[in-house]
Every structure is written in structure tokens, then in C-alpha cells.
């Protein structure tokens, strides 16, 4: 490294991987390295993506690298968020990888006398080539969050009609057997590979997945929301009446609502559900009053989403959790009650994902804790 020269690079550096590290190492060979990191808001506005890692996490990761002298997260939300820093600092070099080579970046550097350097991808010896895009392509099957669940089971909706509220989210690296429809996702991979067929209508696709998961003679019928929740976009309310398939679907797809959900909902891990654990443990109480309680909690949850009211949504999530536990005591295992109690100290609302027992907790908070996993609602493909 030439300590008398200065270097500037810019990027989001989400899902930090060996390709990022190698790029920064090579950039630092030109001189003292400053890294401009795109903010969370910048990612939303310019890439229509909520980063998996927050801007503070990404800044911490980059700043901890020996080859980096300084890591900055500017308030600028433009596509050239490094412009003011480049003009002020006048580095000797602006270094970009070949994917980020853009005419406007090149022109900016030429105007201000900064040498523009484009690096081709060159993995470190013995390591595979990595890029964030390629990593995201490995598994593009979404997940789903049941903000209010269980009502796709005929044992409930044959007594009192009701609804489930489902939020599909983009792919995350999550544990199996943790309330995130991992068995349904495995069936999708078996049929379609690592990506849902974009040309197939959502309901037709969901019916195929549901049929494969529940072949004739199945002793236990998996809920339809696992199939439906993975193929739709936006946040959805599925209404059930004496059936495993909904008779009515209502969806909210406006960007303002989805961004609000992304900002206040997160996941916190407990531990995967053991194979021997049974949520249906024989202690179910399917009395009409308790079924009605869950029905009302689901409707209130849907209304709170319409209202975009975080406090209200938190209260509803707590009520859903308690209503589901009243019906199915095995939904909350004694081993994770401590996780839930602690989570409620820092969140407005907490419930277990999926069938429960163990797995992930869905949290509602004005400011999700640093250890939480941030989500991104699934939007329609543009």
C-alpha cells in the first residue's frame, strides 16, 4: 500500500462475502482506503431492497477489516451517494468492480481529476468467485410469516369461519424445523428447483404445491397457507370456511405499507424444533369461545395493518400468540418460554412463527433490536 495515495470505493456490501473482502484488499493496494457504504434508505430508494444487514452492521464489518482506514455511511440517498465525499477529499483513485462500472461515475471522476479504476473479479487463490447477486440466486424461494395462523385447519374453520394473515418475505438463510415452512420449501425445490416458475399463476402454483404436500391418504393435512404464502406477494388475508382452501383472499401491495412492515417486523431465533416434539400433543382445547378469540385476533391484526399502526399491530400479535396457545398448549414449549418473556421486554408484540413449539419468534417493534433478523416483504416482480 502506498500510504501517500488515497483511495475511495463505494457500495452496499450486504451479505458480506469473500468477494467483497478480496475487492477491498485489492483496492487498498492503491493507497489508504476509505469505503462509502450505502445507507438502508438508499438501498430502499435505489434498489427497492431492504438490506439483510443494517447500515450499522455493514459499517462495523467493513471498518473491522485491516485494509480499510475509514468506513462512512453518508446521508446522501442518491445513486452517487459518494459524490460529496469524493469532491471534498479528492482521492487519487476511485476503484469500482466491473459490475459497478457506470458512465456517470466515470464522468464524475474525470471532472474532478480522480483516476477511475475498474477491477475485474479475481478471487483469492483457492477460493471460489463470489458476488452478492450470485449468492441471492442460489435460493430464490421465499419464506412466509404467519402474523395470525392456524385458521387454515378445518378443525377450526368448520366450527367458526375465520382467517389467517400471511406476509411473504424474500429469501433468508434460516434453520429448518423453525416455523418457516421449510418442508414446503423443500417440496418446491424438488418440483421446480431453486426458483418459482414466474409464468405460472399464483393460485395454480399453490394448488400444485398443496397437492404434492398432501397426497391421497395423508393422515395429517398441511395447511394451505404454507403453499399460498410462498407464492403470493404483499401481505394477505386468507378467509376459510369449512375447508382447507380459502374461499376469499384480500391483499395489500402498496409500497408504503410494505415498507412500514419491513421497518417494524423482525425475526429472533430460539432453536429448531426437535423431530420428536409434537405441537398436537392431545391437550388441544377447541372450544368455540377460544376459536372465536383467534378469529377476532386475526381480524384485528388485518385492521392494524390497514391502519399502519405499530403499537396496535404489536398488541394484536400478542393476542394472536395467546389465542393460539390457548387452543394448542403445545404451541409454546416450556424450554422457550424464557426466550418469549425476554423478547417481550424489548418488543411491542411477540409470537412464535408457524406451528410453534420452538423456532423463530416474530417481533414487532418501533426499533428492532440489533440481534434481530430484518425482513423484506415480497413484492411483485417488476
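None of the figures in this text is laboratory data; all of them are computed from the coordinates on show. Treat the numbers as computed from the prediction; the structure is a model and nothing was measured. Because the Cβ atoms are built from the backbone with ideal geometry, glycine has one as well, and the counts that use them run over all protein chains shown.
Anyone know which of 193, 126, 349 comes out most mobile in the 10 Å Cα GNM of the chain?
Taking springs between Cα atoms under 10 Å, the residue moving most is 126.
Run the numbers for residue 107 and residue 70: contour at 0.36 nm per residue of separation, minus the present Cα-Cα distance, in nm. The partial results should precede the final answer.
Numbers: separation 37, 0.36 × 37 = 13.32 nm, distance 2.46 nm.
Here the segment from residue 107 to residue 70 would lengthen by 10.9 nm.
Looking only at 370, 242, 152, which one moves most when the chain is put into a Gaussian network model with springs between Cα atoms under 10 Å?
Comparing 370, 242, 152 in the GNM, the peak value goes to 370.
Specify the angular offset, from 0 to 90 degrees and rounded to the nearest 10, of the alpha carbon long axis of helix 288-307 from the longest principal axis of the alpha carbons in the chain.
30 degrees
How much length would be gained if the chain were fully extended between residue 367 and residue 309, taking 0.36 nm per residue of separation minus their Cα-Cα distance, in nm to one decimal? Please list the in-between numbers first.
Numbers: separation 58, 0.36 × 58 = 20.88 nm, distance 1.39 nm.
Fully extending the segment from residue 367 to residue 309 adds 19.5 nm.
With just the Cα atoms defining each centre, how far is the range 277-296 from the range 303-333? Give it in Å.
Each part's Cα centre sits 14 Å from the other's.
What's the Cα-based Rg to Rh of the range 221-316, Rh via Kirkwood? Don't skip to the answer; put the middle values down first.
Working: Rg = 15.7 Å, Rh = 16.0 Å.
Here Rg/Rh amounts to 0.99.
Going by C-beta contacts inside 10 Å, put 58, 308 in order with the fewest on the left.
Values: 58 27, 308 16.
Starting with the residue having the fewest Cβ neighbours, the order is 308, 58.
Can you tell me the 0 to 90 degree angle between the C-alpha axis of helix 182-192 and the longest principal axis of the chain, rounded to 10?
In the chain, helix 182-192 runs at an angle near 70 degrees to the longest axis.
Between the range 178-250 and the range 1-61, how far is it from one alpha carbon centroid to the other, in angstrom?
Using only Cα atoms, the two centres lie 38 Å from each other.
Hey, what angle do you get for helix 202-213 against the long axis of the chain, alpha-carbon based, 0 to 90 degrees rounded to 10?
For 202-213 against the chain, the angle is about 70 degrees.
Pull out the extension gain between residue 199 and residue 127, defined as 0.36 nm times the separation in residues minus the alpha carbon to alpha carbon distance; nm, one decimal. The partial results should precede the final answer.
Working: separation 72, 0.36 × 72 = 25.92 nm, distance 3.60 nm.
Additional length available on full extension: 22.3 nm.
Compute the distance in nm between two label points, each set 7 Å from the Cα along the Cα-to-Cβ direction, one at residue 18 and one at residue 191.
3.6 nm
So what's the back-of-envelope 222 nm ellipticity for the chain, counting only DSSP H runs of four-plus at -39500 (n - 2.57) apiece and dividing by all residues, rounded to 500? Numbers along the way, then the final one.
Values: 14 runs with 144 residues, N = 382.
Only helices count here, giving -11000 deg cm²/dmol.
At what distance in nm do the modelled label points of residue 256 and residue 280 sit from each other, each positioned 7 Å from its Cα along Cα→Cβ?
4.3 nm
Could you tell me what fraction of 2.2 N^0.38 Å the Cα radius of gyration of the chain comes to, as a two-decimal ratio?
On the way: Rg = 23.7 Å, N = 382, 2.2 N^0.38 = 21.1 Å.
This ratio for the chain stands at 1.12.
Could I have the simple spin-label model distance between residue 79 and residue 337, label points 7 Å from Cα toward Cβ, reported in nm to one decimal?
5.6 nm
In square nanometres, what is the average projected area of the Cα convex hull of the range 106-205? Intermediate values should be presented prior to the final figure.
Working: hull surface 49.4 nm².
Over all viewing directions, the range 106-205 projects a mean Cα-hull area of 12.4 nm².
What is the calculated FRET efficiency for residue 245 to residue 345, with r their C-beta to C-beta distance and R₀ = 30 Å, to the nearest 0.05?
Details: r = 40 Å, r/R0 = 1.32.
E(calc), rounded to 0.05, equals 0.15.
Based on the Cβ-Cβ distance from residue 116 to residue 41, what FRET efficiency comes out when R0 is 35 Å, to the nearest 0.05? Walk me through the numbers before you get to the answer.
Numbers: r = 27 Å, r/R0 = 0.76.
Plugging the Cβ-Cβ distance into 1/(1 + (r/R0)^6) gives 0.85.
Whole percent per 5 Å bin, from 0 to the bin with the longest distance: what is P(r) over all C-alpha pairs of the range 6-136?
2, 11, 21, 25, 23, 14, 4, 1
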